Amino acid sequence: MDDFVLNVNGAEHLVTASGNETLLSVLRNQFHLTGTKYGCGEGQCGACTVLINGTATRSCLTRGATVHGAQITTIEGLENKGALSPVQQAFLDEEAFQCGYCTSGMILSATALLREHPQPTDQQIVEYMDGNICRCGTYPRIMAAIKRASHLQEKGRADHAS
């Protein structure tokens, strides 16, 4: 067992875990952050996506000990003072989920996309979100939610500039 510090959702936590334990396992079992889901265990479905230093990363493939010192953001860490992030709000407004299993991974991937491409084209959305699987097939609503989030973020930047 190893001891290491993880910065999760802005708070530092001392963790004792096996060097082989995945970040997904640490988040769910030690921190009880269950929004990050176990899907395939192979990094192919995107249900386990978290942000590590702002980059969408599959937590089922990431060893917890390898990300000590990094800024880790889960779905639980996106809200700000009780308000949903623009991406979370857009997913809710567009009803871009059905069973909800993929939603946290979709939202975190979309958050990373919009940081990199604030006004993405349809092609950029498709390419960036490839690898996030929605078994319910709500892809048109997911696309609409990402576009709405882009507009919400743009509006927020304009409101802050005035």
Point-charge dipole on Cβ atoms (K/R +1, D/E -1) for the chain, about Cα centre, debye to 20: 180 debye
Estimated vicinal HN-Hα couplings, Hz - the stretch 99-107 in sequence order (Karplus 6.51, -1.76, 1.60; Gly, Pro = x): 7, x, 5, 8, 4, 4, x, 4, 5
Hz values of 3J(HN,Hα) by residue in the stretch 120-136 - Karplus curve (6.51, -1.76, 1.60), Gly and Pro given as x: x, 7, 4, 5, 5, 4, 4, 5, 5, 8, 4, x, 9, 9, 10, 5, 7
Contact order normalised by residue count of the chain, Cα under 8 Å, 6+ apart, percent: 23 percent
Kindly write out, for the stretch 32-48 in residue order, the coupling ³J(HN,Hα) from the Karplus curve 6.51 cos²θ - 1.76 cosθ + 1.60 (θ = phi - 60°), rounded to whole Hz, with x marking Gly and Pro. 6, 8, 8, x, 7, 9, 8, x, 10, x, 10, x, 9, 9, x, 5, 9
With a 1.4 angstrom probe the carbon and sulfur portion of accessible area for the stretch 86-161, in percent, totals 53 percent
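Write down the accessible area per residue of the stretch 86-161 in Å², having rolled a 1.4 Å probe over the full set of protein chains. Walk me through the intermediate numbers first.
On the way: 4090 Å² over 76 residues.
The answer is 54 Å² per residue.
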So who's got an amide H within less than 5 Å of the one on ALA70, skipping anything under 5 residues away but keeping other chains? H placed 1.01 Å off N, in plane. ASN7
For n ≥ 4 DSSP H runs only, could you compute -39500 (n - 2.57) per run for the chain, divide by its residues and tell me the 222 nm figure to the nearest 500? -10500 deg cm²/dmol
Given a 1.4 angstrom probe, what's the average accessible area per residue across the stretch 2-77, in square angstrom? 45 Å²
Can you figure out the FRET efficiency of THR16 with ARG63, using R₀ = 22 Å and their beta-carbon distance, to the nearest 0.05? 0.95
Answer label, with semi-axes √(5λ) of the Cα gyration tensor in Å calculated from the coordinates and candidates (1) 39, 14, 12; (2) 37, 22, 14; (3) 27, 18, 13: (3)
Carbon + sulfur, % of accessible area of the stretch 1-68 - ligands and nucleic acids excluded, 1.4 Å: 45 percent
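The values are calculated or read from the model by the stated rules, or taken from the named source; none is laboratory data. Everything numeric in this text was worked out from a predicted model, so none of it was measured. Heads up, the Cβs are rebuilt from the backbone with ideal geometry, glycines too, and the neighbour counts pull from every protein chain shown. Only protein heavy atoms, including side chains, enter the accessible area calculation; ligands, DNA and RNA are left aside. Shrake-Rupley method; radii C 1.70, N 1.55, O 1.52, S 1.80 Å.
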